[in-house]
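Let me begin by presenting the structure, written as structure tokens, before commenting on it.
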Amino acid sequence: MLGDTIAAISTPHGRGGVALLRVSGPDAESICARVFVAKNRVVLTDAPARTAIYGEMRAPDADGVWRSVDDGLATVFRAPNSFTGENTVELCCHGGILLTETILTALLTAGARQAEAGEFTRRAFLNGKLGLSSAEALGNLLEAQTREQITLAHGGLRGRLEARCEAIYTKMRHTLASIYVTIDYPDEDLADLSREEMMEAFRACEEELSALAHTYHTGHAIAEGIPTVICGRPNVGKSSLYNALVGRDAAIVTAVEGTTRDVLTETLPLGRVTLRLFDTAGLHETDDPVERIGIERAEQAMADAELILAVFNGSQPPSDEDIRLAESLRKMPSTVIAVINQSDLGVCDEAFYRAHFANCVVLSAKNGEGLEDLRACVERLFIDGTLNVREDAILTNARQHAAVLSALESVRRAIGALQAGLPIDLCCVDTETAMSSLAEVDGHAVSEDIVSDIFSHFCVGK
Ligand code: GDP
């Protein structure tokens, strides 16, 4: 419900120098006026906006008598000039756990309702303060684990993607308007665009949507992470590579074959991208049922992976099993990088790997030499060098990608209809479908379920 006033502790739960409580809704000022009394006696409802005021925080004691519990600051933001677009008050008190909870309880007693997870951002979205893609960027910013993720999320939060989609949407709307005019007044020359110009406009939209769809390859690699599998024969150094990438001993490294029986997973930054790394059981023939299950899981993980790091012991000549693995990897749809490991012991037959794989990296998982080359290789394959992550509109999740792809498909159908010389009104349905698909990126046409799903991922107080 948008009519009520919500409150929450916006800083993390725990002890700290200061804590922030946020109150948003029509009664934010009057509710906070019961809890906060300004030193200079100004009443919050009359307080100047965006100005921190010093005063006293009050809360009811066990007998229900309101008493001073802390000193702090209150800042009032008035609709629509606030994060949520509603009247908002931010109370800043000292960061004790019991203290902040006491002040929150006071706010609830004074008439506020405890905010649900992500409710402040949800209100900002519903009040038109930010589009869904910007809200998602905010979520990514809060979750960011790498500098590249921060850069990408910050661009999204500033509305880069929103603006891009809006521009394409407007172009489609303009074209559609021309089509409607042609249909409604066939004998008059009222349409802004001729049939050729309509075609041109559609082609421009197609090009822009296609370029936007391609940004997902990069956005996905940075924001969501590339599902990656390390595979290879037992004992070639898969666990050693995994540990070298993760930077600590996460997997058990032994000289005994078949020690990795389960699939380990780890999310780790590799230069500008993020890998969602699965370390898997060695791939080879075995009768051990436990090891067999491990191998089956490894094969499934390989089928699902987007990047396969195929590890070989480069210090020995390729074995029959290596040759078979190289052959079978050719059929994989995923990107494969051959990791020619154990280079500290020498490299035996690099030409074999170069002949079988488009991407090869020589390295030593033991001493770390060559890991930089692996990073550069992955970045080259997954980051589009023509994109500026700070400035460009970039798709960062599967939901946005699906919406853009579906808009692209509809625009192509509209072009097909125009090309085939079909009646012009046949383009209308496709154009409208394209527009509503594109509008989904920023939630203008998204069902309530999807919206709820997105906001439930935020923490309370955000
Ligand atoms: P996995 O079975 O493929 O996971 O292989 P491990 O990572 O457990 O390594 C098997 C053995 O090879 C261990 O004794 C490692 O210390 C050794 N090893 C792994 N990588 C290298 C490397 O780059 N150089 C050398 N010299 N030994 C390595």
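Mean Kyte-Doolittle of at least 1.6 plus a Cα span of 20 Å or more along the axis: flag which DSSP H helices in the chain meet both, please. Present the calculation step by step, with values, prior to reporting the outcome.
Values: long enough: 160-184 (36 Å, -0.06); 195-219 (36 Å, -0.66); 289-304 (23 Å, -0.50); 398-419 (31 Å, 0.27); 426-440 (23 Å, 0.59).
Taking the DSSP H segments of the chain (at least 20 Å long, mean hydropathy at least 1.6), we get none.
Listing Leu126, Leu209 from the residue with the fewest other Cβ atoms within 10 Å to the one with the most, what is the order? Before the final figure, lay out the partial values.
Numbers: Leu126 15, Leu209 26.
Result, fewest neighbours first: Leu126, Leu209.
In cubic angstrom, how much convex hull volume per residue do the alpha carbon atoms of the chain span? Walk me through the intermediate numbers first.
Working: hull volume 94.8 nm³, N = 462.
In the chain, the Cα convex hull volume per residue is 205 Å³.
Express in % the proportion of alpha carbon pairs of region 1-141 at distances exceeding 23 Å. Intermediate results must be reported in sequence, preceding the final value.
Numbers: 3083 of 9870 pairs.
So the portion of pairs separated by more than 23 Å is 31 percent.
Report the GluC sites (Glu not before Pro) located in region 353-439 that are in a DSSP loop and have at most 14 other Cβ atoms inside 10 Å of their Cβ, or state none.
Details: sites: Glu369, Glu372, Glu379, Glu391, Glu409, Glu432; in loops: Glu369, Glu391.
In loop regions of region 353-439 (DSSP not H, G, I, E or B), the sparsely surrounded GluC sites (Glu not before Pro) are Glu369, Glu391.
Determine, for the chain, the count of lysine pairs separated by eight or more sequence positions (or lying on different chains) whose alpha-carbon distance falls under 25 Å. Write out the running numbers ahead of the final one.
On the way: Lys129/Lys171; Lys129/Lys462; Lys238/Lys331; Lys238/Lys366.
For the chain, qualifying lysine pairs total 4.
Using the Cα atoms of region 15-83 to build a convex hull, what is its mean projected area in square nanometres? Write out the running numbers ahead of the final one.
Numbers: hull surface 21.9 nm².
Mean shadow area of the hull around the Cα atoms is 5.5 nm².
Which value, to two decimals, describes the C-alpha radius of gyration of region 8-55 once divided by 2.2 N^0.38 Å?
On the way: Rg = 12.0 Å, N = 48, 2.2 N^0.38 = 9.6 Å.
Here the Cα radius of gyration is 1.25 times the empirical estimate.
With label points built 7 Å along Cα→Cβ from the Cα atoms of Asn81 and Asp425, find their separation and express it in nm.
In this crude spin-label approximation the distance works out to 5.0 nm.
With a 10 Å radius around each residue's Cβ, average the other Cβ atoms per peptide and rank 321-330, 170-179, highest first. Could the numbers behind the result be given before it?
Values: 321-330: 15.2, 170-179: 17.4.
Most protected by this proxy first, the peptides run 170-179, 321-330.
Can you give me the distance in nm between label points at Ala398 and Ala376, each placed 7 Å from the Cα along the Cα-to-Cβ direction?
That separation, rounded to one decimal, is 3.4 nm.
Fewest first, what order do Leu157, Leu345 take by the number of other Cβ atoms within 10 Å? Please report the intermediate quantities before stating the final value.
On the way: Leu157 20, Leu345 13.
Going from least to most buried by this count: Leu345, Leu157.
Divide the volume of the convex hull of the Cα atoms of region 333-427 by its number of residues and quote the answer in cubic angstrom per residue. Spell out each step's value before the answer.
Details: hull volume 16.7 nm³, N = 95.
For region 333-427, the hull spanned by Cα atoms encloses 176 Å³ per residue.
Fully extended, how many nm does the chain gain between Ala211 and Leu98 (0.36 nm per residue separation, minus their Cα-Cα distance)? List each step's numbers first, then the result.
Details: separation 113, 0.36 × 113 = 40.68 nm, distance 5.21 nm.
Extending this stretch completely gives an extra 35.5 nm.
Highest mean first, what order results for 64-75, 16-27 on Cβ atoms within 10 Å? Intermediate results must be reported in sequence, preceding the final value.
Working: 64-75: 15.8, 16-27: 20.4.
Highest mean packing first, the order is 16-27, 64-75.
Express in nm, to one decimal, how much length is gained between Ser328 and Tyr54 on full extension, taking 0.36 nm for each residue of separation and deducting their alpha carbon distance.
Numbers: separation 274, 0.36 × 274 = 98.64 nm, distance 7.00 nm.
The span from Ser328 to Tyr54 would gain 91.6 nm if fully extended.
Taking the simple approach of a point 7 Å from Cα along Cα-to-Cβ for both Leu108 and Ala303, what is their distance in nm?
Label at Leu108, label at Ala303, 4.9 nm between them.
I need the per residue convex hull volume for region 70-121, using only the alpha carbons, in cubic angstrom as a whole number. List each step's numbers first, then the result.
Working: hull volume 4.8 nm³, N = 52.
Each residue corresponds to 93 Å³ of Cα convex hull volume.
Bear in mind these aren't lab numbers, they're just calculated from the coordinates by the rules spelled out. The shown structure was predicted, so the numbers you read here are calculated from the model rather than taken from an experiment. Quick reminder, even Gly has a Cβ in these numbers, built from the backbone with ideal geometry, and neighbours come from all protein chains shown.
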